[in-house]
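One structure below.
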Amino acid sequence: MAKIKKGDLVQVITGKKQDKGGDRGKQGKVLEVLVEQNRVIVEGVNYVTKHNRVGQSQRGTKTGGIETMEAPIHISNVAVVDPSTKKPTRVGHRVEEQTKDGVKRTVRVRYAKKSGKDL
């Protein structure tokens with residue numbers, strides 16, 4: 001079961017420090033989770049420049065050039081941010097009973113391990 005999901009706020013915990021041009025310590029929202037490659041794309045982290053070939057569209061406008069975009073980062077290099085303390089934390093799961101419309105269900109709930117609050 002994946003501990004990081006799309007939309008989570010995560011922080012980069014490895015790499016060069018922020019003041020030396022790296023991404024360590026930066027926080028951002030997860031845009032996409034690449035499950036088979038164990039990687040995530042985080043908003044505002046790990047920017048790369050991509051060169052696209054110049055071409056023409058149907059209307060005659062030029063396309064292509066240099067664009068910056070986020071590249072995937074390994075899932076082990078990011079940690080989920082605890083919403084109450086705004087610091088990286090470990091994530092656990094616990095099974096809870098929930099009642100909805102008179103029907104009991106067992107549901108897995110994610111929680112921050114240090115604070116114990118639900119994510």
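When the residues of segment 1-33 are narrowed to those that are among the aliphatic types (A, V, I, L, M), closer than 14 Å to Asn77 by Cα and not in a loop (DSSP other than H, G, I, E, B), which ends up farthest from the chain's Cα centre (by Cα)?
If we take residues in segment 1-33 being among the aliphatic types (A, V, I, L, M), closer than 14 Å to Asn77 by Cα and not in a loop (DSSP other than H, G, I, E, B), then Val12 is farthest from the chain's Cα centre (by Cα).
For Thr99, state whether it is part of a loop (DSSP other than H, G, I, E, B) and among the β-branched types (Val, Ile, Thr).
No; evaluated as a whole, the condition is false for this residue.
Given (1) aromatic (Phe, Trp, Tyr); (2) open to solvent by less than 90 Å² (accessible area, probe 1.4 Å); (3) modelled with pLDDT of 90 or more, where does Tyr47 come up short, assuming only one miss?
(2)
Asp23: at pLDDT 90 or above, open to solvent by less than 60 Å² (accessible area, probe 1.4 Å) and of a type in the set (D, E, K, R), yes or no?
Answer is no for this residue.
If we keep just the residues of segment 91-119 that are farther than 15 Å from Ala79 by Cα and in contact (Cβ under 8 Å) with a residue 60 or more places away in the chain, which is least open to solvent (accessible area, probe 1.4 Å)?
Filtering first and then ranking leaves His93.
Among the residues of segment 41-64 satisfying the criterion of being of a type in the set (Ser, Thr, Tyr) and touching a strand residue (DSSP E or B) at 6+ places or on another chain (Cβ under 8 Å), which is nearest to Lys117 (Cα to Cα)?
Within segment 41-64, the match that is nearest to Lys117 (Cα to Cα) is Tyr47.
Kindly establish whether Glu36 is assigned by the TED database to the domain that holds Lys3, assigned to a strand (DSSP E or B) and not aliphatic (A, V, I, L, M).
It is false that Glu36 is assigned by the TED database to the domain that holds Lys3, assigned to a strand (DSSP E or B) and not aliphatic (A, V, I, L, M).
Please find, among Thr89, Thr99, Thr106, the residue that is under 13 Å from Gln11 (Cβ atoms), among the polar types (S, T, N, Q) and not assigned by the TED database to the domain that holds Gly22.
Selected residue: Thr89, the only one of Thr89, Thr99, Thr106 that is under 13 Å from Gln11 (Cβ atoms), among the polar types (S, T, N, Q) and not assigned by the TED database to the domain that holds Gly22.
Out of curiosity, is Glu67 open to solvent by 70 Å² or more (accessible area, probe 1.4 Å), assigned to a loop (DSSP other than H, G, I, E, B) and over 21 Å from Leu119 (Cβ atoms)?
Judged against the criteria, Glu67 is not a match.
If the Cβ limit is 6 Å and pairs must be 6+ apart or interchain, which residue in segment 60-75 that is over 24 Å from Val10 (Cα atoms) pairs with which residue that is open to solvent by 80 Å² or more (accessible area, probe 1.4 Å)?
Here the result reads Gly64/Arg53; Gly64/Val54; Ile66/Thr49; Ile66/His51; Glu67/Lys50, each pair linking segment 60-75 to a residue that is open to solvent by 80 Å² or more (accessible area, probe 1.4 Å).
The values are calculated or read from the model by the stated rules, or taken from the named source; none is laboratory data. No experiment lies behind these values; they were computed from the predicted model shown. Positions of Cβ are backbone-derived with ideal geometry, glycine not excepted, and every protein chain shown enters the neighbour counts. With ligands, DNA and RNA removed, areas are computed over all heavy atoms of the protein, side chains included. Shrake-Rupley method; radii C 1.70, N 1.55, O 1.52, S 1.80 Å.
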